[in-house]
Amino acid sequence: AVVSTQSGHYGRGEHLLHVIQHTNLKPMSDHDTDFSRVKMWLLDGLAPSYRQTLIFTSYLSPEITALFGKECKSNRGRVKIQPHSFPGVISNVLSPARQMFVRMREKDGDVDYIKYVTDVRFENFIYNILPAYQNQDISNIVIVISSYFDFVRVRNHFKKESTNFAVLSEYTKNRDITNTRRNFAEGSIKYLLTTERFFFFKRYKLKNVRHVVFYEPPLNSECYSHYVNMATESECTVQLIYNKFDAMRLERILGTKQCSSVLNSEQSTHMIILE
């Protein structure tokens, strides 16, 4: 039996997929095996059909769903148990900031899924979202990025453009975290790039947050309410960029009913303001 606990969280899904794909393969050499004791269905490569795979995850994602559909091949069938609906963490948001959910342009027919959720999302952020914050009067902007690979890509772009920014990631030293938080609160940092894993491990609160941008819906929906509640003024804004493949993540933020309305709407921008 292969048991995966808290699988696929924070960029570890590809490692899990690699392990599963290399489970039950026939060995390259016999290692002095007594083949009279080996069942024929093992030699015929049918071991995955007899393997019991148990996957436990707090946050369902397309990657985990694909793993379940393609790599779990038991001849006894498959069973998936998941919540029927989600209430949404947006009910935990107390901030008066304007919350905007902005949909990316639809995927072109010749663009594959990986390119769409990486390259197209990056281009959409650089050319459509970021220019709105280039005004010199706008500062104290927190950009939350779930994937560390996307985080590095945006960080490298900021370095190339000589942008005034700082980073907080799971690899940032405690001394640097303290200095960055202080400088951000004082207003000397325009952009603060941070990762969802940093939130997961540290749970720090930031002072003087004026704007929050979610590069994509966070895997852990609590991350959304955590950062939005830091924007305590009515002049503050929150932007979340999403596409149709983010439905599972968006559902945990907005709730099942409201998420369905957003995804099926013809409008590309939806705004929520709490009184």
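The values are calculated or read from the model by the stated rules, or taken from the named source; none is laboratory data. Every value quoted in this text rests on a predicted model; they were computed, and no experiment measured them. Cβ sites come from the backbone with ideal geometry, for glycine too, and all protein chains shown count toward neighbours. Side chains are part of the model used for accessible areas, which takes the heavy atoms of the whole protein and leaves out ligands, DNA and RNA. Shrake-Rupley method; radii C 1.70, N 1.55, O 1.52, S 1.80 Å.
Taken over the stretch 243-275, the criterion of being under 17 Å from His226 (Cα atoms) and among the β-branched types (Val, Ile, Thr) is satisfied by Ile253, Ile272, Ile273.
Open to solvent by 70 Å² or more (accessible area, probe 1.4 Å) and within 28 Å of Ser234 (Cβ to Cβ): is that true of Lys115 in this structure? I'd like the intermediate steps shown before the answer.
Numbers: open to solvent by 70 Å² or more (accessible area, probe 1.4 Å): yes; within 28 Å of Ser234 (Cβ to Cβ): no.
No: the conditions fail for Lys115.
Candidates in the stretch 196-234 are the residues that are of a type in the set (D, E, K, R) and without any contact (Cβ under 8 Å) to a residue 40 or more places away in the chain; of these, the one that is farthest from Gln267 (Cα to Cα) is Lys202. In the stretch 26-54, the residues that are open to solvent by 100 Å² or more (accessible area, probe 1.4 Å) form Cβ pairs under 6 Å with partners that are assigned to a loop (DSSP other than H, G, I, E, B), at six or more places apart or across chains, as follows: Gln52/Ala1.
Of the residues in the stretch 252-270, at least one is crowded, with 17+ Cβ neighbours inside 10 Å, among the basic types (Lys, Arg), under 25 Å from Gln82 (Cα atoms) and touching a helix residue (DSSP H, G or I) at 6+ places or on another chain (Cβ under 9 Å). Within the stretch 86-96, none of the residues are of a type outside the set (Val, Ile, Thr), over 25 Å from Cys223 (Cα atoms) and either touching a strand residue (DSSP E or B) at 6+ places or on another chain (Cβ under 6 Å) or touching a residue at least 60 places away in the same chain (Cβ under 8 Å) (or both). Against the conditions (1) in contact with a helix residue (DSSP H, G or I) (Cβ under 8 Å, 6 or more places away or on another chain); (2) modelled with pLDDT under 95; (3) open to solvent by 20 Å² or more (accessible area, probe 1.4 Å); (4) under 20 Å from Met100 (Cα atoms), Arg197 satisfies every one except (4). When only residues in the stretch 59-82 that are open to solvent by 70 Å² or more (accessible area, probe 1.4 Å) and closer than 18 Å to Thr256 by Cβ count, which is nearest to the chain's Cα centre (by Cα)? Result: Gln82.
Mind telling me which of the residues Pro131, Pro83, Pro96 ends up being modelled with pLDDT under 90 and not β-branched (Val, Ile, Thr)? Can you show your working first?
Working: Pro131 fails: modelled with pLDDT under 90; Pro96 fails: modelled with pLDDT under 90.
Checking each option against the conditions leaves just Pro83.
Annotation: of all residues in the stretch 163-194 being over 25 Å from Cys236 (Cα atoms) and out of contact with any Ser or Thr (no Cβ under 7 Å at 6 or more places or on another chain), the one that is least open to solvent (accessible area, probe 1.4 Å) is Thr172.
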